[in-house]
Amino acid sequence: MKPATSPSEEARPTRETTVAFSISQALLRALAPPRSRRRPDEILARIEGENNRRHLELKVYSGLRQYTMQNLRFGKQAWSPSG
């Protein structure tokens, strides 16, 4: 008969599980596309373009999205104009 174990012992990952998880995370980071370094105005222009495209395709629906970004450290603010 196997001795009873506490729930905390059962939930503890094995060394093999930890190694496998670490390797999978490293592979995911290595295979991920590089992050783009777009400027906020480029990001907002792309969002606005998508909003305009969506508006043309879905004329029977109505709605408005407006995005605002604020950088407190540098005192900067950017927004996508509504329209």
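The values are calculated or read from the model by the stated rules, or taken from the named source; none is laboratory data. Not measured: the values here are computed from a predicted model. Because the Cβ atoms are built from the backbone with ideal geometry, glycine has one as well, and the counts that use them run over all protein chains shown.
Looking only at segment 7-31, which residues are among the aliphatic types (A, V, I, L, M), loosely packed, with under 10 Cβ neighbours inside 10 Å and at pLDDT 75 or above? Walk me through how you get there before you give the answer.
Going through segment 7-31, the residues among the aliphatic types (A, V, I, L, M) turn out to be 11, 19-20, 23, 26-28, 30-31.
Of the ones still in play, those that are also loosely packed, with under 10 Cβ neighbours inside 10 Å are 11, 28, 30-31.
Leu28, Ala30, Leu31 - these are the residues of segment 7-31 that are among the aliphatic types (A, V, I, L, M), loosely packed, with under 10 Cβ neighbours inside 10 Å and at pLDDT 75 or above.
Here Arg46 meets the list (1) surrounded by 12 or more Cβ atoms within 10 Å (Cβ to Cβ); (2) of a type outside the set (A, V, I, L, M); (3) under 13 Å from Trp79 (Cβ atoms) almost entirely, failing just condition (3).
Out of the residues in segment 50-70 that are part of a loop (DSSP other than H, G, I, E, B) and touching a Ser or Thr at 6+ places or on another chain (Cβ under 9 Å), state the one that is nearest to Pro40 (Cα to Cα).
Pass one, segment 50-70, residues part of a loop (DSSP other than H, G, I, E, B): 58-67.
Filter once more, keeping what is touching a Ser or Thr at 6+ places or on another chain (Cβ under 9 Å): 64-67.
Values: Leu64: 20, Arg65: 17, Gln66: 14, Tyr67: 11 Å.
By that ranking, first place goes to Tyr67.
Sub-6 Å Cβ pairs linking a first residue in segment 55-81 that is in contact (Cβ under 8 Å) with a residue 12 or more places away in the chain to a second residue that is loosely packed, with under 10 Cβ neighbours inside 10 Å and assigned to a strand (DSSP E or B), at least 6 apart or interchain, are Trp79/Thr68, ordered by first then second residue.
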